[in-house]
Amino acid sequence: MKKIAVCGKGGSGKSTLVALLARTLHDRGTRVLVVDSDESNPGLYRVLGFDRRPQPLLDLVGGKKQVFPTFSGESASPESLLARDAFSVADLPGGYVVENDGIRMVSVGKILQSLEGCACPMGVLSREFLKRISLQPDERIIVDTEAGIEHFGRGVEASIDSVLIVVEPSFDSLELAHTINALAGEVGVERVWAVLNKIGSAELASSLTERLETSGISVIGAVGYEPEIFQASLEGRPVRREALETDVEGIFARLQ
Ligand SMILES: Nc1ncnc2c1ncn2[C@@H]1O[C@H](COP(=O)(O)OP(=O)(O)OP(=O)(O)O)[C@@H](O)[C@H]1O
Ligand SMILES: [Mg+2]
């Protein structure tokens, strides 16, 4: 996999798993770019241990109103980097990328005001950014998505090759996993996996795994409910792999 989107129900642990996956890939010698495409939650930069947010990519195209003109070729600023057919991570201007401990991050943009219109332009920007960015052989992109499936409707997954579904032990989360698997198949995503999160026992892990695998969803592993993850999130501290009893390295070793 080169470009992977982490999807799932609200609060299932997407951002947490993005951070754990980013650190694991980095430790294996991969250069990781995390793309924050969640237009609501502002805190991913803290989960990853950055001290500031990157400037939103939305600013690079001149704001929300310029998104559609930029990608339909009608832009007032056709020289916009993001309007090029291809660009690399290194082409992105400094303020738009933050880096910490070998992991880089960009953010598509956040909804900041009431009545500022729908989030569709951000979906289009995510889709076009992910489609046009070209990666070196040792680079990978991890996308932290908005909860639910809206991003499938906006075509974001048409620009990525893999989906990781985070499943917590709830009926809604399981149902959503099936929906995401079906939508990913429709759009031609090559690989779909699920990772279980907040799992209290080995019995629960195996019963959820069986339910998902019966419907053709490959489960790569289970992360336990770890109070330190919850506490770090409450205090706005980064998620640290060392705080986990689970062997995260073993889980992600199955992602190819
Ligand atoms: N394995 C875990 N053990 C304990 N708490 C966890 C675990 N995974 C996630 N959490 C907690 O659950 C909450 C939601 O996690 P997180 O923000 O990663 O979910 P999310 O899917 O990104 O949420 P959103 O849909 O709001 O973006 C946080 O308080 C986080 O600390
Ligand atoms: Mg999140």
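No lab work stands behind these numbers, since they all come straight from the coordinates. These figures come from a predicted structure and were not determined experimentally. Virtual Cβ from ideal backbone geometry, glycine too; neighbours counted across all protein chains shown.
So what is the 222 nm mean residue ellipticity for the chain from helices alone, if each DSSP H run of at least 4 adds -39500 (n - 2.57) and you divide by all residues, rounding to the nearest 500 deg cm²/dmol? Before the final figure, lay out the partial values.
On the way: 10 runs with 88 residues, N = 256.
It lands at -9500 deg cm²/dmol.
Rounded to the nearest 20, the size of the Cβ-charge dipole of the stretch 3-252 about its Cα centre is 480 debye, with Lys and Arg at +1 and Asp and Glu at -1. Relative contact order of the stretch 3-252, taken over Cα pairs closer than 8 Å and 6 or more residues apart, is 28 percent. Taking the longest Cα principal axis of the chain as reference, the axis of helix 14-27 is set at about 90 degrees. Mind telling me which of Ser233, Ser134, Ser114 comes out most flexible in a GNM of the chain, alpha-carbon contacts under 10 Å? In this elastic network of the chain, the residue with the biggest mean-square fluctuation among Ser233, Ser134, Ser114 is Ser114.
Annotation for Leu234 and Arg53: the two label points, set 7 Å from Cα along the Cα-Cβ direction, are 2.4 nm apart. Annotation: lysines with alpha-carbon distance below 23 angstrom to Lys131 (same-chain offsets under eight excluded): Lys2, Lys3, Lys14, Lys64, Lys65, Lys110. Full extension of the segment from Ser206 to Gln113, taken as 0.36 nm per residue of separation minus the current Cα-Cα distance, would add 29.1 nm.
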